[in-house]
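Quick notes on the structure that follows.
Rule-based calculations on the coordinates, nothing more; no lab input. None of the values given here were measured: they were computed from a predicted structure. Ideal geometry is used to build each Cβ from the backbone, glycine not excepted, and the neighbour counts take in all protein chains shown.
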Amino acid sequence: MTSKAQKLLERMRQSKANWKRDDLDRLYEGFGFIISHGKSHDIVKHPDFPELRATLPRHNYLAKGYVEYAVKLIDKLLEQQRRAGYGQEFGESRKIG
């Protein structure tokens, strides 16, 4: 996880409105998610926790629900990483031990 992604997450926590698709792409990728292209939507999955997934439309401006879901998904990721013994820094992808 990058500090830019952490700052973006905090800004999205404060306001869920007026975000673009590029912003969500940067957020997800900053926390290690991989975005792949489906037929009409793109699919977001985390390589270490494949049960954490989302779909994104391809248009530029997004409804608030997509941002709300992204924030919740990142929170789930951080919690699962903490439980699995990943590094102390938020979003660190390496397991310790």
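Structure notes:
- So Pro57, is it of a type outside the set (Lys, Arg), more than 17 Å from Asp23 (Cα to Cα), in contact with a strand residue (DSSP E or B) (Cβ under 7 Å, 6 or more places away or on another chain) and in contact (Cβ under 8 Å) with a residue 12 or more places away in the chain: no
- Filter result (surrounded by 15 or more Cβ atoms within 10 Å (Cβ to Cβ) and closer than 12 Å to Leu56 by Cβ) within the range 25-36: Asp25, Leu27, Tyr28, Phe33
- Residues that are part of a loop (DSSP other than H, G, I, E, B) and surrounded by 19 or more Cβ atoms within 10 Å (Cβ to Cβ), drawn from the range 53-83: Leu62
- Extreme residue, surrounded by the most Cβ atoms within 10 Å (Cβ to Cβ), among residues of the range 10-24 that are part of a helix (DSSP H, G or I) and more than 8 Å from the chain's Cα centre (by Cα): Met12
- Scanning the range 25-36 for residues that are touching a strand residue (DSSP E or B) at 6+ places or on another chain (Cβ under 8 Å) and not in a helix (DSSP H, G or I) turns up Phe33, Ile34, Ile35, Ser36.
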